[in-house]
Amino acid sequence: MLLMPRSASFWTILAGSLLAATVLYLLGAHSVPLWERDEPWYAECSREMLRSGDWVVPRFLGELRLEKPPIIYWCQLAAMKVEGDTPEAARFPSTVAAIAAVFLIAVAVRHFTGDRRALWTVFIFATSGIAIACAKFCITDAMLLMFVVIGQICLALMYAANLRGKTPPWWTVPAFWISLGLAGITKGPQPVGMHLMTLFVLLLFDIAQSGEGFGNKAAWKKQMRWWRHLHWRIGLPILFVVVAPWLIEIRLRSPGFITAVFEKAKMHLSQSMEGHGKPPGYHAMLIFGTFFPWSVFLPMTIATAWKNRRIDVIRFAMAATAGPWLMMEIVYTKLPFYVLPAFPGLAFLTADALVRCFRKQSHYLQRPIFKFAMIVWTVAALGLAAGPWFFLTLTRANQLPVGGFLAFSVAGILYAAVVLFWFYRKRFEVMAVFMGVGMAFMIAILYAAVFPNLNYIHLSKRLADDLIRLGAYGKDVPVAAVGYGEPGLAFYQGGGVYPPSDDLFLQNTPPADWPRWIVISNGPGTEEGENDWKDVPPDLKKLLTIRAEEKGLNYAHNGRIEDILVLEKNSPGK
């Protein structure tokens, strides 16, 4: 262990950090629309649970929602019950879960290593790109992170106690199994795989550290002995008590649901779900962005961790990072958030490497290779600053928030310049502070001045506003969405929008069966089977009146900028 003196200012600094993170994470929760496509799926499903009173069976527009178990929906509907069915209510549980995870990480790291590494760990984690995003999105990952962090802390305490011949705190056993159960009904079986992979990687590290050789069966048994602290005979019944009530109820109300959920999980392992299939190495390729701005320290972090792997807390953090990471690299269906539970361990290892540099125990930051790394980082920061203008070039859009773009670009240039200034002054601790603060400031500008005014990402909200203005609001007012399948439209309209199963809905459905309101793409229609307004025969067009038109990003059509029309079916005789 890296035991260090405690400081009375720790709690003050931590409280200030948590408050600043909360403000950052909540910023824009109301003014920035739900990001297609996942956020609206979760938000609408939670609202349907709230409206129906059925807290057992997740549904989206009346259809079973098999992708996730119910905890995230329960948390979101609880927030909606207090605040209303708004985007900020749907996002609030993710912010709370992320802040809780940061707090738990701080307390745990402080217990093992002292104040300085604990504060740097939470600062690095809380200002990394992936952590900020997960705290601002109404998806499962922040909730899963909190439960996995609790489980990892319990494992770390058991592991450390065993190395010292002591008994771990009594509460670690129920806390581990309860957190595992809650993680399971948050995301399914993946958390079990994450913890098992962490234990396996740690076992390999321990055997290698012992020098007894991987071919020695006695060494394997010896290094696995501490697993007895998990108390499987006690833990499995606890796990059952946590998950059984929902499993029994869902079995009674929807007999095929559990089978379908496990089938979905199996498909995630081997197939590309919703076009998100990626080969192993996908998450490693994204690490520069997901761990930005701290990714510049990754070579130093890996080298320092390996050099100090004899220290038990370092060894455990390496396993807690590698375990979830390897687990999600194996899974074929991948999204950037899937490796989020690996980032607390990575943040700690980065904090440890930086603290060693600050204390002159390592001189990595003064090596020529790091100067080159800082040049790459500066170019990336400047590229981030120029990002809005690339959007302008690619879309040839108009009515863009030019003022917000300018503010973001100027802030990005200053960000890169200030960090580079302190680097060349060799004030590395100040440089690192500005790295994290600057990242937070850049995100704040995006959510305060850019995204709220970027109309192209508000397409579902603007279409829903048109429908509501025309009187088509609520789940009892059916609206057919043809060629525009974004779930955000259903959420903002009130739950009445449904995508027809027939791509040629207007051509193949008798006009008498059309709903009064139809939303249809007026885009290029270049792909076979697309049903755009221009492809509708003239005799059918005469039966409809264009009541509104909006232009924006149609994610379902490969992220194209399209015109979308709101149509009203003419009354008989018109």
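Quick look at the values:
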| read-out | value |
| --- | --- |
| Qualifying residue in the stretch 3-16 (condition: under 30 Å from Phe123 (Cα atoms), part of a loop (DSSP other than H, G, I, E, B) and either modelled with pLDDT of 90 or more or touching a Pro at 6+ places or on another chain (Cβ under 9 Å) (or both)) | yes |
| Test result for Phe343, touching an Asp or Glu at 6+ places or on another chain (Cβ under 7 Å), at negative phi and either in contact (Cβ under 8 Å) with a residue 60 or more places away in the chain or of a type in the set (Asp, Glu) (or both) | no |
| Positions within the stretch 198-221 being surrounded by fewer than 21 Cβ atoms within 10 Å (Cβ to Cβ), touching a residue at least 40 places away in the same chain (Cβ under 8 Å) and touching a Leu at 6+ places or on another chain (Cβ under 8 Å), in sequence order | Leu199 |
| Options Ala472, Ala449; residue that is surrounded by 21 or more Cβ atoms within 10 Å (Cβ to Cβ), out of contact with any Leu (no Cβ under 7 Å at 6 or more places or on another chain) and of a type in the set (A, V, I, L, M) | Ala472 |
| Odd one out for Val355 among (1) crowded, with 17+ Cβ neighbours inside 10 Å; (2) outside the structural domain of Met300 (by TED's automatic domain parsing); (3) more than 26 Å from the chain's Cα centre (by Cα) | (2) |
| Every residue from the stretch 397-433 that is aromatic (Phe, Trp, Tyr) and either over 25 Å from His458 (Cβ atoms) or in contact with a His (Cβ under 6 Å, 6 or more places away or on another chain) (or both) | Tyr415, Phe421, Trp422, Phe423, Tyr424, Phe428 |
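The values are calculated or read from the model by the stated rules, or taken from the named source; none is laboratory data. On a predicted model such as this, the values are computed, not experimentally measured, just so you know. Methodologically, a virtual Cβ is constructed for each residue, glycine included, from the backbone with ideal geometry; neighbour enumeration extends over all protein chains shown.
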